[in-house]
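Q: Before we start, here is the structure in question, set down as structure tokens.
The values are calculated or read from the model by the stated rules, or taken from the named source; none is laboratory data. What you see is a predicted model, and the numbers here were worked out from it, not measured in a lab. As a convention, Cβ positions derive from the backbone with ideal geometry for all residues, glycine included, and neighbour counts pool all protein chains shown.
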Amino acid sequence: MAKTKMNFFDRMQALDRRYIYLVVALAIILPLIIPFNSKTYVTEPVENIYKKIDSFSGRKDRAVLMCFSHDASTMAELFPMEVAILRHCFQRNVQVFTICFMPPAKPLMDFALQTAKEDYTVQSGVDYVNFGYKPYGIFLPIVLGMGDDISKAVETDDEGRIVSNLEIMKEIKNYNEMNLVVDFAASAAVQTWITYARARFGANVAAGVTAVMAADNFPYLQTGQLIGMLAGLKGAAEYEKLVDVFATHKEMVNGVETVVPRSFSKEILKESWIKLSDIKNPVYKTARTGMNAQTVAHIMIIVFIALGNIGYFVNKKKNEN
Amino acid sequence: MTFEAISNFIAAFFTLSIFSFLYKDNPFYKFAEAMFIGVSMGYAIPLVYNLTFIPFVYRPIFVEHNFWILIPALMGSLYIFRFSKNLGWLSRYPIVFGMAIVGMGVPMSMHAYVLVQVRTAMMPIDSINTFLIFLGTVTILLYFYFSKAHKGIYGKITNIGIWFMMVGFGASFGYTVMARISLLIGRIQFLMGDWLGLIK
């Protein structure tokens with residue numbers, strides 16, 4: 001039997017999927033090994049979180065609560081944003097509380113704190129406090145209790161200390177002072193904060209979510225129930241850039257490179273260009289190097305989708321003829 | 001060899017074993033899969049015991065003598081009767097208690113998920129965005145009104161609703177692709193950076 005001659009599109013449609021895996025793998029590996037500076041555009045929901053946290057700078061009567069609601073499977077997307085926000089807080093002297101309600105989130109929360117405080121001389125109980133793991137069964141009583149008195153709702157921190165005795169709690173009572181809750185989740189966990197902390201106590205709530213969850217949360221951004229959102233690796237890359245451009249901005253002072261933080265400004269942001277190779281600590285640029293690979297991978301996927309569709313229509317026309 | 005290098009090597013071995021399934025099913029993949037399930041369970045049980053049972057049940061009752069904790073502890077332990085044919089009905093009591101908490105959330109859920117959303121959808125149409133929100137909300141609501149056949153002018157209006165939904169699904173799918181690629185990037189960053197040290 002004579003073989004039917006296959007054209008380019010026939011061959012593409014019959015291509016073994018393992019070749020596609022190989023191309024996607026190369027599209028990710030090569031940009032990571034040979035890095036380039038893809039431009040990171042900062043969006044308004046990310047700017048809003050940055051500006052809110054920055055407005056707490058140096059204030060003892062303001063604090064940020066970071067709630068870790070994810071496990072290691074989504075660490076690639078959420079961990080860079082957690083480290084970036086912690087760095088911002090430590091650099092700008094913003095008081096931070098951390099908490100989690102899932103057992104697998106506990107080691108990730110500790111790891112994020114350890115990673116972020118490496119370059120800072122911050123003290124537990126004074127500059128930040130880790131409330132630790134609390135069982136999910138008491139999630140709601142804690143969320144509601146924090147509206148009245150955080151010390152009574154949480155009672156003890158991760159080290160077993162009575163929260164009300166800690167120095168950081170001197171001017172912090174409830175959501176009036178702990179004026180921002182950022183929930184990092186791969187689920188709809190942030191909606192619990194919106195339902196209870198926002199609706200009942202008027203707390204400002206922000207989300208750091210995986211890209212899968214981003215589309216679900218846009219309605220809450222539009223209504224103002226979320227003051228901002230970091231969506232996936234892109235959101236993390238945007239926040240990393242804001243921290244580098246403003247919070248850890250470096251200038252030469254008396255011939256010595258010194259960190260001179262500056263206030264947020266759209267004009268400065270527009271003109272800023274940070275070379276990734278100048279950032280020594282790889283953890284501080286994880287999301288941005290990842291976004292280089294993401295850019296190339298997305299282009300590859302778009303090309304595959306276009307080829308698949310063209311092939312489909314070409315074959316359809318050929319069969320009709 | 002440092003502890004970090006050994007742990008990175010083990011993690012890299014299991015990552016590559018799982019990735020090997022992309023080529024075809026093989027014993028390395030099966031071994032890694034079984035190991036993952038075993039380690040997950042082995043990790044979860046002592047973690048929950050140390051971080052939940054000890055601080056919230058054992059310590060309050062036996063060290064601090066807060067005996068009222070016995071009531072929720074005993075109620076929670078009734079769940080185990082689900083495995084008994086004769087005493088399975090006892091497990092309904094903690095479920096009933098859980099349902100009461102759900103009831104408590106209804107008013108606030110109505111506020112957060114319905115009232116605020118409806119109020120914001122009723123804003124004056126003073127920009128392209130608010131017009132698009134208005135158009136999308138109305139046409140999608142009309143699409144889900146099934147007491148009238150989707151024909152003629154009404155059918156054309158509901159078609160606009162379908163377009164809005166398709167854009168929504170497209171955005172969700174695009175974000176999903178981005179998320180999956182991000183997870184792959186995370187693993188490859190580990191393999192190329194932490195393990196092989198090729199990322200500078």
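Q: In the list A:Phe201, A:Phe139, A:Phe111, A:Phe97, which residue meets the criterion of being more than 14 Å from chain B (Cβ to nearest Cβ), aromatic (Phe, Trp, Tyr) and surrounded by 15 or more Cβ atoms within 10 Å (Cβ to Cβ)?
A: Just one listed residue meets the conditions, A:Phe97.
Q: Anything in the stretch A:44-85 that is among the aromatic types (Phe, Trp, Tyr) and away from every other protein chain (no Cβ under 14 Å)? List them, or say none.
A: A:Tyr50, A:Phe56 - these are the residues of the stretch A:44-85 that are among the aromatic types (Phe, Trp, Tyr) and away from every other protein chain (no Cβ under 14 Å).
Residues checked against (1) among the aromatic types (Phe, Trp, Tyr); (2) in contact (Cβ under 8 Å) with a residue 60 or more places away in the chain; (3) closer than 22 Å to A:Val94 by Cβ:
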| site | (1), (2), (3) |
| --- | --- |
| A:Phe246 | yes, yes, yes |
| A:Val260 | no, no, yes |
| A:Ile268 | no, no, yes |
| A:Leu276 | no, yes, no |
| A:Val283 | no, yes, yes |
| A:Arg288 | no, yes, no |
| A:Met300 | no, yes, no |
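Q: Still on this structure: Is it the case, given these coordinates, that B:Ile188 is part of a loop (DSSP other than H, G, I, E, B), surrounded by 15 or more Cβ atoms within 10 Å (Cβ to Cβ) and within 13 Å of chain A (Cβ to nearest Cβ)?
A: Judged against the criteria, B:Ile188 is not a match.
Q: With a cut-off of at least 1 residues that are β-branched (Val, Ile, Thr) and away from chain A (no Cβ under 13 Å), name the helices (runs of 4 or more DSSP H) lying wholly within the stretch B:91-174.
A: Hits in the stretch B:91-174: B:92-109, B:128-143.
Q: Which of the residues belonging to the stretch A:55-79 are touching a Lys or Arg at 6+ places or on another chain (Cβ under 6 Å) and farther than 21 Å from A:Trp193 by Cβ?
A: Passing the criteria: only A:Ser57.
Q: Further, regarding this structure: Of all the strands (runs of 3 or more DSSP E) wholly in the stretch A:227-321, which have at least 2 residues that are farther than 30 Å from A:Val181 by Cβ?
A: Answer list for the stretch A:227-321: A:250-253, A:256-259.
Q: Filter the stretch B:76-87 down to the residues that are surrounded by 10 or more Cβ atoms within 10 Å (Cβ to Cβ) and out of contact with any Phe, Trp or Tyr (no Cβ under 6 Å at 6 or more places or on another chain), then identify the one that is farthest from A:Leu140 (Cα to Cα).
A: Restricting to residues being surrounded by 10 or more Cβ atoms within 10 Å (Cβ to Cβ) and out of contact with any Phe, Trp or Tyr (no Cβ under 6 Å at 6 or more places or on another chain), the top hit is B:Ser84.
Q: Quick test of your reading of the structure: A:Ala186 fulfils all but one of (1) over 25 Å from the mean Cα position of the chain (by Cα); (2) at pLDDT below 95. Name the failing condition by number.
A: In the conditions (1) over 25 Å from the mean Cα position of the chain (by Cα); (2) at pLDDT below 95, A:Ala186 misses (1) alone.
Q: Can you find, within the stretch A:305-321, the residue that is nearest to B:Phe190 (Cα to Cα) among those that are touching a residue at least 12 places away in the same chain (Cβ under 8 Å) and surrounded by fewer than 15 Cβ atoms within 10 Å (Cβ to Cβ)?
A: A:Gly308
Q: Test each condition in (1) outside the structural domain of A:Leu26 (by TED's automatic domain parsing); (2) of a type outside the set (S, T, N, Q); (3) crowded, with 16+ Cβ neighbours inside 10 Å for A:Lys280 and report the one that comes out false.
A: Condition not satisfied by A:Lys280: (3).
Q: Give the stretch B:79-90 a look and list any residue that's in a helix (DSSP H, G or I) and either of a type in the set (Gly, Ala, Ser) or away from every other protein chain (no Cβ under 14 Å) (or both), or say none.
A: B:Ile80, B:Phe81, B:Arg82, B:Phe83, B:Gly88, B:Trp89, B:Leu90
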